[in-house]
Structure formats: structure tokens, C-alpha cells
Amino acid sequence: MDVGNHAAGAGHVPVMLGRVLELLIPAAQAVTGRAPVYLDATLGMGGHAEAMLRAVPELRLIGLDRDTTALERSARRLAPFGDRVALEHAVYDEIPAVLRRLGVPAVDAFLFDLGVSSPQLDESDRGFAYSYDAPLDMRMDRTQRLTAADVVNGYPAAELARILREYGEERFAQRIASAIVREREREPLGSTRRLADLVRTSIPAATRRTGGNPAKRTFQALRIEVNGELDSWRRALPAALDALPVGGRIAVLSYHSLEDRVTKRVLAAQAADTTPPGLPVPLPEHEPRFRLLTRGAELPSDEETTTNPRAGSVRMRAAERVREAT
């Protein structure tokens, strides 16, 4: 199961915390003449944010989360830091609007800890986990209208199959979509257990015996659709890079290949020299705007995955701005 936004306390440990601090603290400490700004775009329970605030005494935090419950918990946790903290109910693709509203021209360090948070998984009534019987909800932001029940009971079969295939990388997308349509004609689907059982019986028995719970890909796909995760991420990452000054850094924790693919492609393009081939020297305006701080995607240590099994699927990428945009 892909999980982000872990925080210390109540059994939740921030994923790859030491490495995140190692990568982002230098960008904050290099700032002179003003307070450095750290934007945690997926605040969760505030574990990474608290560690950054403690490590850099003059740091200013902007914390975003679409989950109002997460914001309430983080507000209590981060209250000792007073006016160094600004919390915003927002999705990360709203970064430009948030920065304009707060009058912040640049961000020195960004963290994106993507995916569904531990509290969201652990609160059975949220409907993210197939291990609980709960309403088919899956909204990270419970103020939005669209739920997983709306998707499974209202989308045409072809659209359901596309979502399962693209967002869940599900080989049996068409079979599952057809089964959902047949079942909802009998009675609308409203619970996670009923959906998980339906998916299980739709997949060939030989396939069910390997690879964990056969419903995990369907649940991932529905969650991504309900929360618009990939579309938001495709908008958010370039916006974050644009907000970094020279010396500013970004770290991204991804939990499935779709997110990581977007991250890899965007960072690689920014770190490439685009001088036209055949010229004798690189052109300054075509030199890379970023340098990669990680060799490929970094993985958590064996020790971390042992103590925090939910970190097992994480992939980290990071980059630093080395040239202003022209």
C-alpha cells in the first residue's frame, strides 16, 4: 500500500526523515538577509515540518494539506513555533495562488510526500483501505463532493476500465469494470468490502494467489481518480520548481510508479542541457536549470522498512536550482 505523510507520534514515523533533512537543510541555511522559507506541500501530521523548524531556528514554514483533519492535528503539534508557521487548506497544485496570497516571492525548500497518509488509512471510515469494511469514500479532502461510490456507481464501463488500467496498472481492468457495472445494476456499491470481494472474484484464481491483495490496484486507481492526484501532481511540480531561487532545493517522496515517472521526467528535463546539437560550445541560456541531488530514485534503508513497513514502496528524488530561468 502506498503511504506518505508519516509523522512521529501515535506510531507514525516520517518517511526517510534523516535524508530529507540532509537534502533540504543546506538550502535553508544558505539564505542570507531574510528568513528562509520551507513549503511542506503535503503536511500530514507535521513530522517532517517539525524537524525542519527545529533544525533551522529562523525558518518560516508554509504547510499545505487538502485534509482538514490533518491540518487541525498539525496546528496543535506546530503551535509552539508561533508565527513561524502558516497552514493552508489547499491542494499542492494551488501553490502559486497560496504564495501570492501570503506575499511570498520564493520558496527555498520544498517537500512533497505524496500518497495517502497513515491516519487516512488507519481511520476505517475514510474508505481508503480494503482491510476494513467502510463506506466507499476515499476523499482526502472531505469538503469535496466526488467520492469513490460516485465513481463506481456512475462512471460508464469504458471509463472505469480506463481508470483501472491507467491509474491502477490493472491487467484485468475490463473484467473488473464489467463486473462492477453488472453488480451496481443489481444494487449500488457502497462498501469497501463488497468492492474488494467483487474485484477478487473478477480476477483469475491463479493470479489471486500471488502479489498480495488483488483489490489493491483497483483501490489505488479509484483513490487517484477521486482526488485527481496525477493531474494535480503534473501541475504542482513545475509550479514548485518555478518558485525556487538559485540554491533552492526540492525533495519528492513517491509511492507508486505513476507519480515517480512524472517526477523523473520533469526533473530530468530541467537538469538537461538543451543546446542544439552540432554547436561547438554549450549556450549559456540552454544550460541546465537544475542539478539532480539523487542518483536515480533513492530507496529507504532496510532498517527503516523493517521498523516502518509502510515506507517500503517509497522512492525519493531531489534537485537543486543552479540557474535562473531566462
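The values are calculated or read from the model by the stated rules, or taken from the named source; none is laboratory data. Keep in mind that this is a model prediction, so the values were computed, not measured. Heads up, the Cβs are rebuilt from the backbone with ideal geometry, glycines too, and the neighbour counts pull from every protein chain shown. Remember, those area values only see protein heavy atoms, side chains included, never the ligands or the DNA or RNA. Shrake-Rupley method; radii C 1.70, N 1.55, O 1.52, S 1.80 Å.
Per-structure values
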item	result
Accessible carbon and sulfur surface of segment 125-171 relative to its total accessible area, %, 1.4 Å	48
Positive-end residue, the chain charge dipole about Cα centroid, Cβ charges, pick of 288, 57, 148	148
Per residue accessible area of segment 188-326, 1.4 Å probe, in Å²	47
Within segment 147-231, chymotrypsin sites (Phe, Trp or Tyr not before Pro) in DSSP loop having at most 15 other beta-carbon neighbours inside 10 Å	none
Segment 16-169, relative contact order [Cα under 8 Å, separation at least 6], %	20
Rounded to the nearest 20 debye, dipole of the chain from Cβ charges on Lys, Arg, Asp, Glu	520
Ranked by how many other beta carbons lie within 10 Å on average, peptides 35-48, 55-68, 176-189 from highest	35-48, 55-68, 176-189
Residue among 203, 157, 220 farthest towards the positive dipole end of segment 123-227, charges placed on Cβ	203
Sites matching trypsin sites (Lys or Arg not before Pro) across segment 254-311 that sit in DSSP coil, with at most 13 neighbouring C-beta atoms within 10 Å	295
Whole-number percent relative contact order across the chain, with pairs defined as alpha carbons under 8 Å at least 6 apart	19
